[in-house]
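Chemist: Handing you a structure now.
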Amino acid sequence: MSSSLAHTIKSRRTIHRFKTGEIPSVELIKLAIEHAIWAPNHHLSQPWQFYLLGPRTAELVCQLNAELVREKMGEKAAGIKLKRWREIPGWLVLCCDIAEDDIRKQEDYAACCCVAQNLSLYLWEEGVGMKWTTGTVTRDQRFYDIIGIDVQRQSIVGLFWYGFPAQIPQAERKPSADRLVILP
């Protein structure tokens, strides 16, 4: 592994706070997707579909999430969450085609996760951070409706927020030796 790739892998972080007023270009996102889709996928199924949300669609998602928070935690929490979500610079949804059999479903989901990692690493090298979320809003039928996703044909792998990091958190991992079993 090249030292550049190793550095990118080890330095990449989930970004929770983004700089305001700065949005990565659509061209950069398209280029990142073009590279991300070179992920391994069983039988070249290429089961992924991306949805890049514009401001109007992102606002609908923000409103839906605020409604879900309001129902669970009240008006004050909903207002705080709505303000926070409206500050997210970029929005991207990754879906996976739904296969007929369970093994293929698992293989396709794994391939989509590889695409998500490739996307994250490519953007990180370009100075763009990302957060992959699978929160309650992504499991609500109204989210599918807002995006225009047919729940019978595709499942949501994740909602990705992206932008230029305002803060890069520290992270640690357990030693790899703790997670490796070498068999004879």
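Quick note: the coordinates plus some simple rules give every number you see, no bench work behind them. These figures come from a predicted structure and were not determined experimentally. Cβ coordinates were reconstructed from backbone atoms using ideal geometry, including for glycine residues, and neighbour counts include every protein chain displayed.
Chemist: What residue among 15, 29, 146 has the largest mean-square fluctuation in a Gaussian network model of the chain, using Cα springs under 10 Å?
Modeler: Highest fluctuation of the listed residues: 146.
Chemist: Rounded to the nearest 500, what is the chain's calculated 222 nm mean residue ellipticity when only DSSP H runs of at least 4 contribute -39500 (n - 2.57) each, over all residues?
Modeler: Working: 6 runs with 82 residues, N = 184.
Result for the chain: -14500 deg cm²/dmol, rounded to the nearest 500.
Chemist: Here is a further query. Cα to Cα, under 16 Å, and not fewer than 8 places away if on the same chain: which aspartates and glutamates meet these conditions relative to residue 72?
Modeler: 140
Chemist: Sticking with this structure for a sec: Take the Cα of residue 84, step 7 Å along the line toward its Cβ, and report every residue of segment 8-30 whose backbone nitrogen sits under 15 Å from that point.
Modeler: 15-18, by backbone N distance to the label point.
Chemist: Could you let me know the centre-to-centre spacing of segment 48-67 and segment 116-130, using Cα atoms, in angstrom?
Modeler: Taking the Cα centre of segment 116-130 as reference, the centre of segment 48-67 is 20 Å away.
Chemist: Show me the helices of the chain, taken as full DSSP H stretches, that run 27 Å or more along their long axis by Cα and average -0.5 or above in Kyte-Doolittle hydropathy.
Modeler: Values: long enough: 102-125 (35 Å, -0.17).
What comes out of the filter, once short or polar helices are dropped, is 102-125.
Chemist: Next question, about the same structure. Looking at segment 12-163, send over the antiparallel percent of its DSSP beta bridges, to the nearest 5.
Modeler: Numbers: 19 of 20 bridges.
The antiparallel proportion sits near 95 percent.
Chemist: Could I ask something else about it? Explain nothing, just the number: relative contact order of the chain, from Cα pairs under 8 Å at least 6 residues apart, as a whole percent. Could you put the intermediate results ahead of the total?
Modeler: Values: 256 pairs, mean separation 66.5, N = 184.
It rounds to 36 percent for the chain.
Chemist: Kirkwood hydrodynamic radius, computed over distinct alpha-carbon pairs, for segment 12-163: how many Å, to one decimal?
Modeler: 16.1
Chemist: List the aspartates and glutamates whose alpha-carbon lies under 18 Å from that of residue 30, not counting same-chain residues fewer than 8 positions away?
Modeler: 22, 125, 126
Chemist: Using a 10 angstrom cutoff on alpha carbons, build the Gaussian network for the chain and name the most mobile of 69, 128, 93.
Modeler: 69
Chemist: At 7 Å along Cα-to-Cβ for each site, give me the label-to-label distance between residue 63 and residue 166 in nm.
Modeler: So the label points at residue 63 and residue 166 sit 2.4 nm apart.
Chemist: Which pairs, out of 131/174; 10/81; 81/131, put more than 23 Å between their alpha-carbon atoms? Before the final figure, lay out each step's value.
Modeler: Values: 131/174 21 Å; 10/81 30 Å; 81/131 16 Å.
Cα-Cα > 23 Å for 10/81; rest within.
Chemist: Report the label-to-label distance for residue 10 and residue 177 in nanometres (one decimal), using points 7 Å from each Cα along the Cα→Cβ vector.
Modeler: 1.6
Chemist: Using a Gaussian network model on the chain with a 10 Å cutoff between Cα atoms, which of 137, 115, 151 fluctuates the most?
Modeler: Its mean-square fluctuation being the largest, the pick is 151.
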